[in-house]
1. Taking R0 as 60 Å, what FRET efficiency do you get between B:Arg10 and B:Ala165 from their Cβ-Cβ distance, rounded to the nearest 0.05?
2. Given a Förster distance of 30 Å, report the FRET efficiency between B:Ala30 and A:Arg164 from their Cβ-Cβ distance, rounded to the nearest 0.05.
3. I'd like the accessible area for B:Leu260, computed on protein heavy atoms only with a 1.4 Å probe and all protein chains in place. Round to 10 Å², please.
4. Hey, can you find the accessible area per residue of the stretch B:18-67 for me, probe 1.4 Å, expressed in square angstrom?
5. To the nearest 0.05, how large is the calculated FRET efficiency for A:Gln31 and A:Leu111 if R₀ is 25 Å and r is the Cβ-Cβ distance?
6. Could you report the accessible area of A:Glu114 in Å², rounded to 10, computed with a 1.4 Å probe on the protein chains as they sit in the structure?
7. Averaged across the residues of B:19-26, what count of C-beta atoms belonging to other chains lies within 10 Å of each residue's C-beta?
8. When the gyration tensor of the stretch B:9-78 is built from Cα positions, what are the square roots of 5 times its three eigenvalues, in whole Å, from largest to smallest?
Amino acid sequence: LADRRIEFEEVIMPHLAAAHDLARWLMRHPQDAEDVVQEAYLKAFRAFDRYADGHPKAWILAIVRNTAMSRLSRRPASGKVVALHEFDDEVGGYLDVALHDPGPRPDAVLLANEQRESVHRAIAQLTPPLREVIVLREFHELSYQQIAVVVGAPVGTVMSRLARARDRLLRLLTEAARAQEQGDRSSLEMRIKGR
Amino acid sequence: MNDAKCHMSRDLLASYLDNELPGPARAEMALHLTQCTECQVERDAMEALRQRLAAAGPHPLTAGLEARINAALDAESPLQPNPERSRPWSSLGPMTWPRLAALAASHAAVALLTAGLLYGMLSGTDERDRALHEIVNAHARAALTNQMVQVASSDTHTVKPWLAARLPYSPNVHDYKPQGFPLLGGRIDFLLDEPVASLVYGRREHLITVFVVPLDRASTLAVPAANWRGYHVIGWRDASFSYLATTDLNLSELKDFVVLAGGS
């Protein structure tokens, strides 16, 4: 049994960061995400006997996803609507920081943060089925086949969701950039008029 | 060749960009891409998106989450302890186990205990639990009372005779300092009223104790490894002795140590 624990630590623990990220994208709440990861890792450990070979990362991520889904389905009805359409808590937090706390940070850092925020905000606006495939592909480098295992859908479905996710992300990011530009211009105009 | 309406499916292009196309189709798409403006535009957009996503990156791992999960896994220990059954520290009065464990952990002690004798005398889960508790407790008590070593020396020729003079056997003593596990010394512990040799090793701020028991007292070492109260215990044996290691060090490094010491 301790051998099993050692093996678990070597085979499954290295994917903790990916598990946590996936849980964050699905749960949209830091504490909920951590709870999901812990529950998933315990489930995985108990089922580790039956885990033969295959791809350990896809295996643990599938368990994380199932755990997240069953928790989301138990959330109050209003919570479900929030999960589908509202921004992530953290993204909201980013936004607040950007708006209210410009601080003494160097421009380059500020710019990198802004770009990171706008990308995360765009991903958060995707519906969960699109969000999870793009996260698994772009952040965690899973193959189509592995994504299919994690989300429990055929490879063809994974491909079409990826295509839709990318189209939508491109549009969201373009819109965000345009809005940002207009915002900058109008605030500049206001400052000029004000003088 | 500027195809106004490209015949290639977008899925095919995406598969190509995702490195999911097999050889022949891959070559065909590479060729097509040199000729089709429409696909080139699409490719550039997808590459730009990929770069933006990569620059943003995933959520960083929360500090403490790994420790939290390890603690939860520890609670899944194969040898579920029953606190009602063991009262190891009557002499320590109101000291509770969590306090004891916390104190011992703050001493960062790792004890490697040879307790094969325990398993020769015991059978069944209850007895195994008791053995496990005694092993971990012996380590925790030594750390708590600052008595990890009774003979403090990194010299195997000092530690071995000291132990041999006080026991009916002479344990093998090795130093693993070059490998990052320096010998700190030794002590005598009593496990189930039998004296055993205990060797203490260091690992950064952590300590390791190894208990060495001759095979004629070890009988069968039924449980090679376990975890209790956050302490890992791993047992193994060679031609002369059986060994038990217990530690609050992470499992992976303890395993490295066990391999060094001749276990597997």
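1. Computed FRET efficiency for B:Arg10 and B:Ala165 comes out at 0.15.
2. The computed FRET efficiency comes out at 0.75.
3. Accessible area, nearest 10 Å²: 50 Å².
4. Computed with neighbouring chains in place, this is 55 Å² per residue.
5. With a Förster radius of 25 Å, E is 0.25.
6. Per-residue accessible area (A:Glu114): approximately 70 Å².
7. Averaged over the peptide's residues, the number is 1.
8. 43, 17, 7
The values are calculated or read from the model by the stated rules, or taken from the named source; none is laboratory data. Quick caveat: nothing in here was measured; it's all calculated off a predicted structure. Don't worry about glycine lacking a Cβ; one is built from the backbone with ideal geometry, like all the others, and counts go over all protein chains shown. Please note that ligands, DNA and RNA were not included when accessible areas were found on the heavy atoms of the full protein model with its side chains. Shrake-Rupley method; radii C 1.70, N 1.55, O 1.52, S 1.80 Å.
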